[in-house]
Amino acid sequence: MKKKPGKKESYTNKIIGRLNKDLFPFLQDRPIADIKAPKLLEALRKVESRGAVETAHRYRQFSGQIFRYAVSTGRALHVISADLKGALSTAVHTHFSSLTDPKKTGELLMAIDAEGALISEGKSVTDDRPKA
């Protein structure tokens, strides 16, 4: 794989390792021009089916980079990953609650400060807990 200027070798190796693990075995040893959108979608769905929805989206993005390079070098005629935009399910994001009450925020900050004081004395809140 051609290393892009500004990308660290460790990053490139990590991406290649991920693709070798999840995508390339499913696509086998086909020339890039022979890979069609349904086959790529099938490979991405396999990743998605194990609950790795964001990873599947990332793999679609990586495959887009690979296909764009293939088109620019004459190895493929079309960037098929672009045709798959919207084909994968969207990741469900959960939002974490936050303190909005100033009084409770103050109590939290005081508790954190007290814990910090104990730690600086070499003690911990867990020191007082009974052993089970």
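Every number in this text was worked out from the coordinates using simple rules, so none of it is lab data. Worth saying up front: this structure is predicted, and the values here are computed from it rather than measured. Every residue, glycine as well, gets a Cβ built from its backbone with ideal geometry; the counts of neighbours run over all protein chains shown.
Details
- Filtered residues of the range 48-58 (kept if under 14 Å from residue 18 (Cβ atoms) and either of a type outside the set (Val, Ile, Thr) or surrounded by fewer than 16 Cβ atoms within 10 Å (Cβ to Cβ) (or both)): 50, 52, 54, 56, 57, 58
- Residue within the range 29-37 that is part of a helix (DSSP H, G or I) and either out of contact with any Leu (no Cβ under 8 Å at 6 or more places or on another chain) or not aliphatic (A, V, I, L, M) (or both) present: yes
- Residue list for the range 59-75, restricted to those being without any contact (Cβ under 8 Å) to a residue 12 or more places away in the chain and surrounded by 13 or more Cβ atoms within 10 Å (Cβ to Cβ): 65, 68, 71
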